[in-house]
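K.L.:
Quick one: the structure is below, questions incoming.
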Amino acid sequence: MTKINLLGMTIEEMISFAAKLGEAPFRGKQLYKWINRGTREFSEMTDFSKALRSRLEENACIEGVEILRQQHDKKDGTRKFLYGLKDGNAVEGVFMKYKYGNSLCVSSQVGCKMGCSFCASALDGFIRNLTAGEIIDQVFAAEKQTGETINHIVVMGMGEPFDNYDNLKKFLHIIHSKEGKNLSYRNITVSTSGIIPAMKRFAEDFPQVNLAVSLHRLDDCGRSRLMPVNRKYPVDELLDAASEYTKRTGRRITFEYTLIAGENDRREDVELMKKKLRGMLCHVNLIPLNKVRETGFDGSSRKRAEEIAEELGIAGIAATVRRELGSDIDGACGQLRLKNNQSD
């Protein structure tokens, strides 16, 4: 008999599962709380009878991820995890310490379809979507490994979250639920390469969740070369969608701008940013590219990044250079998985 995996079920699905075992709805709620507060063994669910725990063992499982490898930068506390999945695939996550608390960057897919030319995540192509349970368990596995509470989540690791919208939506509902981790939507950020229809849907479904858009260039020819998604959703249409998002939600949008030496950090690139972003309710997050040998790109210097941030600020566009974290470990998302695959 195939056991039912309970990880990633909504509270309604858990109540329905409990009913099939002949249990009252409150038992389903109890089971949901145990699982979505990090418990992974039925034997630890102490408010269940021995008979019920035995029935759960016979009929169900709690299968998520396991940490295969970890890199730890002891200077700033950053940790990078390689998460193993039950089918033998692997994804990455990054634990980061800030003054405001601990943040975890989670993955939403194994590989990626977007094909961004500077990104390590896309080098091995797209394999599959992660389930809601696999996304959730990245959080609990990291908490167990570090012994620390995660109070901010960014869905900005491997994959395009909006290409896995239904599982993303389920993950957000579960991680936010008061019966589970009870994480505020305002402490969650989702990043997209610019899938416009999903951006509009997201504004309706999750107006309190932060949205980040990977921009990286502001001319169609250059952005299409870096990010093939631009061929379907060009820059000006994307910026219009971003403006519509801010009007609908009242929330500032973040533009992620990875700085690549000689590619998008030139004078003309900065002038185009000033021209197209001036007046928008936005924040530009400038990120010097982490070098990935296979892509052939080099990152801009931190000095150049700070010059660009200053120029944008003078033009009235809020901009910061991302703090350097994990300098002693593989920085770019996908690098640890890539190394793991190459060593197999």
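The values are calculated or read from the model by the stated rules, or taken from the named source; none is laboratory data. On a predicted model such as this, the values are computed, not experimentally measured, just so you know. Reconstructed Cβ throughout: ideal geometry from the backbone, glycine too, with neighbour counts over all protein chains shown. Surface areas here come from the heavy atoms of the whole protein model, side chains and all, with no ligands, DNA or RNA. Shrake-Rupley method; radii C 1.70, N 1.55, O 1.52, S 1.80 Å.
K.L.:
Counting only residues that are within 19 Å of N129 (Cα to Cα) and not in a loop (DSSP other than H, G, I, E, B), which one in segment 61-86 is most open to solvent (accessible area, probe 1.4 Å)?
P.N.:
Looking at residues that are within 19 Å of N129 (Cα to Cα) and not in a loop (DSSP other than H, G, I, E, B), I get E66.
K.L.:
Name the helices (runs of 4 or more DSSP H) wholly within segment 233-344 that hold at least 2 residues that are at pLDDT below 75?
P.N.:
335-343
K.L.:
Does any residue of segment 200-208 turn out to be at pLDDT 95 or above, in a helix (DSSP H, G or I) and touching a His at 6+ places or on another chain (Cβ under 9 Å)?
P.N.:
Within segment 200-208 (the criterion being at pLDDT 95 or above, in a helix (DSSP H, G or I) and touching a His at 6+ places or on another chain (Cβ under 9 Å)), the answer is no, since none of the residues qualifies.
K.L.:
Further question: Could you list, in sequence order, the residues of segment 212-253 that are touching a Ser or Thr at 6+ places or on another chain (Cβ under 7 Å) and either within 18 Å of G159 (Cβ to Cβ) or open to solvent by less than 30 Å² (accessible area, probe 1.4 Å) (or both)?
P.N.:
Selection gives A212, V213, S214, H216, L226, M227, V229, N230, I253.
K.L.:
Further question on the same structure: Which of (1) among the polar types (S, T, N, Q); (2) open to solvent by 60 Å² or more (accessible area, probe 1.4 Å); (3) closer than 15 Å to G180 by Cα does T10 not meet, given it meets every other one?
P.N.:
Result: T10 fails condition (2) only.
K.L.:
Turning to a different aspect of this structure: Would you please list the contacts, defined by Cβ atoms under 7 Å and residues six or more apart or on different chains, that run from a residue in segment 46-60 that is outside any loop (DSSP other than H, G, I, E, B) to a residue that is open to solvent by 60 Å² or more (accessible area, probe 1.4 Å)?
P.N.:
R53/S43; N59/K3; N59/I4; A60/K3; A60/I4
K.L.:
Let me ask you something else. Against the conditions (1) under 30 Å from N129 (Cα atoms); (2) at pLDDT 95 or above, where does L52 fall short? Just the number, please.
P.N.:
(1)
K.L.:
What is the one condition in (1) in contact with a Lys or Arg (Cβ under 9 Å, 6 or more places away or on another chain); (2) surrounded by fewer than 16 Cβ atoms within 10 Å (Cβ to Cβ) that R266 does not satisfy?
P.N.:
Checking R266 against (1) in contact with a Lys or Arg (Cβ under 9 Å, 6 or more places away or on another chain); (2) surrounded by fewer than 16 Cβ atoms within 10 Å (Cβ to Cβ), the one that fails is (1).
K.L.:
Additional query: If I ask for residues that are of a type in the set (D, E, K, R) and in contact with a Phe, Trp or Tyr (Cβ under 9 Å, 6 or more places away or on another chain), which ones from segment 24-45 would you list?
P.N.:
R27, R37, R40, E44
K.L.:
So, in segment 87-129, exactly how many residues are without any contact (Cβ under 8 Å) to a residue 40 or more places away in the chain and open to solvent by less than 40 Å² (accessible area, probe 1.4 Å)?
P.N.:
Qualifying residue count, segment 87-129: 2.
For every residue, the table says whether it meets (1) on the phi > 0 side of the Ramachandran plot; (2) surrounded by fewer than 16 Cβ atoms within 10 Å (Cβ to Cβ).
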residue: T131; (1), (2): no, no
residue: G147; (1), (2): yes, yes
residue: V155; (1), (2): no, no
residue: I174; (1), (2): no, no
residue: R186; (1), (2): no, yes
residue: G194; (1), (2): yes, no
residue: A203; (1), (2): no, no
